[in-house]
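Taken together, the values in this text are just the output of simple stated rules run on the coordinates, not laboratory data. Everything quoted here is computed from the prediction, not taken from an experiment. Here the Cβ positions follow ideal geometry from the backbone for every residue, glycine too, while neighbour counts run over all protein chains shown.
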Amino acid sequence: METILHKWGNSAVVILPPALLKALDLAAGQPMELQVSSSGQIILSKTRQYTLEKLIAMCDTTAPKPADLALWSAAKPVGGECW
């Protein structure tokens, strides 16, 4: 598919035809991520929408805890903190 860059203020825009938007399940106003490959190809992908459940599911529960976590647990209050 060939398309033309159009001037929009100080930027250039590409107009995607409705058939392409439908085929890619895209909509106007949708957040997108744009990358350029080492060969110069443009990669356009939907911005991921994470939920707390998905983020927790990606965590490695078997990973060791950070070494400095013990320092936080052993720290004494120095101001008006309520513990």
Given unit charges at Cβ for Lys, Arg (+) and Asp, Glu (-), the dipole magnitude of the chain about its Cα centre in debye, nearest 20, is 120 debye
Simple spin-label estimate for Leu5/Ser73, 7 Å along Cα→Cβ, in nm, reads 5.6 nm
Of all GluC sites (Glu not before Pro) in the chain, the ones in DSSP coil with at most 14 other Cβ atoms within 10 Å are Glu2, Glu81
Dividing the mean separation of Cα pairs under 8 Å (6+ apart) by the residue count of the chain yields a relative contact order in percent of 12 percent
Counting only DSSP loop positions in the stretch 20-83, the trypsin sites (Lys or Arg not before Pro) whose Cβ has at most 16 other Cβ atoms within 10 Å are Arg48
Which of Pro31, Pro64, Pro18 fluctuates most in a GNM of the chain (C-alpha springs under 10 Å)? That residue is Pro64
Taking a crude spin-label model, label points 7 Å out from Cα along the C-beta direction, the Cys59 to Ala19 distance in nm is 4.8 nm
Candidates for Rg and Dmax of the Cα atoms in Å are [x] 14.0, 48; [y] 12.2, 36; [z] 23.4, 65, and the calculated one carries label [z]
